[in-house]
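A.B. asks: Before I ask anything, here is the structure I am working with.
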Amino acid sequence: MMESIMTDRKTRQVGPGEARSMARRRRYFTYVAFGGLVGGIAGFATGFFDQGDGNLFAGDWELLRLPPALALVIAGLLLAGFLALPIYSFRLIDDYQREQGLIGYSGGYLGVMAGFPTWAALYGGGFVPAPHAFGIFAIGFVSMCVSYLYARWRL
Amino acid sequence: MKNRLKVLRAERDWSQAELAGRLDVSRQAVNAIETGKHDPSLPLAFRIARLFGMRIEEIFDDGEHHDG
């Protein structure tokens with residue numbers, strides 16, 4: 001029984017639409033893999049070549065030291081990964097995916113707009129450490145991911 | 001918005017991926033339109049209508065009744 005099903009799948013003619021859908025999926029996964037690679041290289045290079053005692057998670061930026069040329073390369077990769085690739089991806093996807101993406105980006109924006117002053121107020125009251133850049137970035141990034149997943153789930 | 005996309009697709013024995021490829025959208029978009037979770041843009045609605053050789057209002061129903 002199982003064997004006959006597998007044979008059916010192997011021999012079934014793939015229509016022109018399905019072939020285009022498969023190509024679309026391949027393009028999408030290539031894009032995701034490339035984006036991950038760019039982000040991974042930038043993150044690895046920052047951590048590996050840091051000559052100071054800086055730590056992204058602790059936010060002690062004044063201790064972060066990179067060779068100037070490498071810093072420029074990493075900056076270029078980050079601009080590609082966080083700016084050029086997302087803008088390019090919006091040209092590849094359809095209206096439905098674009099709606100989900102925009103909800104994700106809106107969630108990230110709102111997370112930063114609400115997160116920073118809230119954090120600052122809590123710091124003023126002595127509840128939490130002082131706000132720092134990576135923390136604000138993390139709030140934006142996590143808010144974006146959660147909003148996007150919510151959109152994928154609900155829409 | 002209600003629509004007849006699933007019925008029209010089934011009549012042609014097309015999978016969602018097949019229809020998605022013919023419309024140049026993702027399979028998830030076809031699924032979302034079929035289940036009424038997502039309303040297609042006007043250009044996509046025209047593409048759908050053209051693909052099935054029908055008028056948009058023969059496929060999509062916004063629930064409004066129009067008098068002749």
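A.B. asks: What distance in nm separates the simple spin-label points at B:ARG47 and A:PHE134, each placed 7 Å from Cα in the Cβ direction?
C.D. replies: 4.3 nm
A.B. asks: Moving on to the next point. Once you place label points 7 Å from the Cα toward the Cβ at A:ARG98 and A:TYR31, how far apart are they in nm?
C.D. replies: 1.2 nm
A.B. asks: Taking R0 as 41 Å, what's the FRET efficiency between B:ARG4 and A:PHE90 from their Cβ-Cβ distance, rounded to 0.05? Numbers along the way, then the final one.
C.D. replies: Working: r = 30 Å, r/R0 = 0.74.
It comes out at approximately 0.85.
A.B. asks: Tell me, what is the Rg over Rh of chain A, with Rh the Kirkwood radius over Cα pairs?
C.D. replies: My calculation of the ratio gives 1.12.
A.B. asks: In addition: For chain B, what is the convex hull volume of the alpha-carbon atoms per residue, in Å³?
C.D. replies: 87 Å³
A.B. asks: Name all residues of segment A:14-44 having a backbone nitrogen under 20 Å from the label point set 7 Å from the Cα of A:CYS145 along its Cα→Cβ direction, giving them as ranges.
C.D. replies: A:29-44
A.B. asks: Hey, another quick one. Say the dipole of chain A comes from +1 at the beta carbon of Lys and Arg and -1 at that of Asp and Glu; which of A:GLY52, A:ALA133, A:SER143 then lies farthest toward its positive end?
C.D. replies: About the Cα centre, the residue reaching furthest to the positive side is A:SER143.
A.B. asks: Just to be sure I understand the model, the point goes 7 Å from the Cα along the line to the Cβ. What's the resulting B:ARG55 to A:MET113 distance in nm?
C.D. replies: My value for the distance between the label points is 4.3 nm.
A.B. asks: Could I ask something else about it? Test of the criteria: in segment A:51-155, which trypsin sites (Lys or Arg not before Pro) are in a DSSP loop and have at most 13 other Cβ atoms within 10 angstrom of their Cβ?
C.D. replies: A:ARG65
A.B. asks: Okay, moving on. With a Förster radius of 45 Å, plug the Cβ-Cβ distance of B:ASP39 and A:TYR123 into 1/(1 + (r/R0)^6) and report the FRET value to the nearest 0.05.
C.D. replies: FRET efficiency, B:ASP39 to A:TYR123: 0.55.
A.B. asks: Anyone know which of A:ALA42, A:ALA121, A:ALA71 comes out most mobile in the 10 Å Cα GNM of chain A?
C.D. replies: A:ALA121
A.B. asks: DSSP loop GluC sites (Glu not before Pro) in segment B:6-68 with at most 12 other Cβ atoms within 10 Å of their Cβ, which ones?
C.D. replies: Listed in order of number, the matching sites are B:GLU64.
Bear in mind these aren't lab numbers, they're just calculated from the coordinates by the rules spelled out. Because the structure is a prediction, the values reported are computed rather than measured. So basically every Cβ, Gly included, is an ideal-geometry build from the backbone, and we count neighbours across all protein chains shown.
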